[in-house]
Structures are given as structure tokens and as C-alpha cells.
Amino acid sequence: MDRLQAPFLQGLRTPWENGSHCVPGIVYLHGFCSSAKSAKGVRLAERFAEIGVPVTVPELDRGDFRNTTLTQQLGLISHLTDEQRPDMLVGSSLGGYLAALHAARVPDCVPLVVLLAPAFDFANQLGQSLGAATQTWRTVGQHEFFHYRTGRDEALGWGFLEDARHYEPFPDVQTPTRILHGRHDESVPATLSERFARSRTNVDLELLDTDHQMLDKTGEIWSRVKRFHSEALAMRG
């Protein structure tokens, strides 16, 4: 059976309308400690540009990593989807979790969602990975993480984790969703995506033989995302 004829596409929504015409495009959400220059985001933007599909890759922390929160980032995503009315929301790692949170809260925000190694259960997973350093973070009020935008360690306020703990680990997304996750992901276990997809007929999960970064699979990611985008839009008429 053709993957895109599966039940997970049956909930496909009407395309965005702006006056008398549809506004095509994609919004890509980068991961934790990443930036608008994310390798996967840049690659997807370049390839989609070749076929005339614009891709927006925002700086989710607006250049203020120390004071960013999931709530602030969700506000930015809400503004972008309301303004641009994209056909697809693509998120990587934390960006994937944010995409799922947004889609769960605003079901009509975007017709299609793609999640790349989404960081479900983010607050709990981050706390576990830091271990005892979590309490130090709380006591000191900040913790340093290596940030790919600046190429050095940057301080992040305790309010980030405190805020993240208010969000559900597995958002109830109703939008047709494709997940690509590496079997060998040591940062975000693929079992989290398997748990998320298990009871949702609107979600299609594919495991790839790669790690969390997925940089050796950019070609496969491009072909799968492009196919999902083009064939789903064709089904909408």
C-alpha cells in the first residue's frame, strides 16, 4: 500500500486561504541550542526553494538564549503560522516537540506536520540527562549549554526548565503527522516516538538507521518530506 494512502492522511484539512488564493510554504523549527542556520533546516530550505516552495527558519529564542522559554517560543510559532499560513510545520528535536505542542493547541494552524527525532517528554528527559546538575541549575539560577549558533557555552536561565515542566510530555496532535526518527538516537530515544505514534492513527512513524543529528540521512529526509508535502497537497485538490 502507498504510505500516503494510509489512514493517517484521512484527517487532512482544507488548505489555508488568504483572500482568493492559497499561501504555500513551510515553517521549520530548529532544535535545542541550535539556530536558524541548522544544517537540516538550511538543506530543506535550499531544496524546497528549487521547486518554488518558501521555507521560513526562525531563531526560536530571538537571539536571547539566556531568557528563552518554551512559552516564548510557542508564542513566536503561533505568530508565524497565523501570519504565513504555511502548508507544513517541520520540527527537529525540541523543535519537533514544539511543533507537536502547537498543533495540539491550534488544530487548524497548519494542515501537515513533520517531526524529526522529536524531543517528547522534554522536561523530564532534560532533567534526567543533567542528573545532579539540575539542582545546581536551580540553585545558581543558570546552567551553561554548548550553543551551535555561537560555537561556545551559553548560560540558560532556570526559568527555561521550570516553564518546560508545565507542558504535557506527549501532546494530543490530531493533524496528519509524519515522524522520522533514528534507531540509534542516544539523545532522544526512538521509543518516545514509538509511544507517541502507537495509539494515533493520524501519525506515521518511520525509523531510520541513523543517530539524533540524522546528518547522514539528509537526502532521505528531503525525499520523504517532499513526497509527504506534494502528494498530500495533491490529495487535497
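The values are calculated or read from the model by the stated rules, or taken from the named source; none is laboratory data. Remember, predicted model here, so these are calculated numbers, not experimental data. Don't worry about glycine lacking a Cβ; one is built from the backbone with ideal geometry, like all the others, and counts go over all protein chains shown.
Quick look at the numbers
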read-out	value
Conditions (1) part of a loop (DSSP other than H, G, I, E, B); (2) within 14 Å of the chain's Cα centre (by Cα): number failed by residue 108	(2)
Close pairs from the range 75-90: first at pLDDT 95 or above, partner among the charged types (D, E, K, R) and in a helix (DSSP H, G or I), Cβ under 9 Å, at least 6 apart	78/105; 90/40
Flag if residue 46 is without any contact (Cβ under 8 Å) to a residue 24 or more places away in the chain and either within 24 Å of residue 213 (Cβ to Cβ) or not in a helix (DSSP H, G or I) (or both)	yes
Matching residues, the range 87-105, being under 10 Å from residue 171 (Cα atoms) and either of a type outside the set (A, V, I, L, M, F, W, C) or assigned to a loop (DSSP other than H, G, I, E, B) (or both)	97, 102, 105
Which listed residue is of a type in the set (Val, Ile, Thr) and part of a helix (DSSP H, G or I), from 139, 175, 210	139
Inter-residue pairs, beta-carbon under 6 Å, first at pLDDT 95 or above and of a type in the set (D, E, K, R) and in the range 147-165, second surrounded by 16 or more Cβ atoms within 10 Å (Cβ to Cβ) and assigned to a loop (DSSP other than H, G, I, E, B), 6+ apart	163/69
Residues (touching a His at 6+ places or on another chain (Cβ under 8 Å) and surrounded by fewer than 18 Cβ atoms within 10 Å (Cβ to Cβ)) located in the range 30-58	36
Sole residue being aliphatic (A, V, I, L, M) and loosely packed, with under 13 Cβ neighbours inside 10 Å, chosen from 132, 197, 164	132
Some residue of the range 210-230 being surrounded by fewer than 16 Cβ atoms within 10 Å (Cβ to Cβ), modelled with pLDDT of 95 or more and in contact with a helix residue (DSSP H, G or I) (Cβ under 9 Å, 6 or more places away or on another chain)	no
Enumeration of residues in the range 100-139 that are among the acidic types (Asp, Glu) and modelled with pLDDT under 95	108
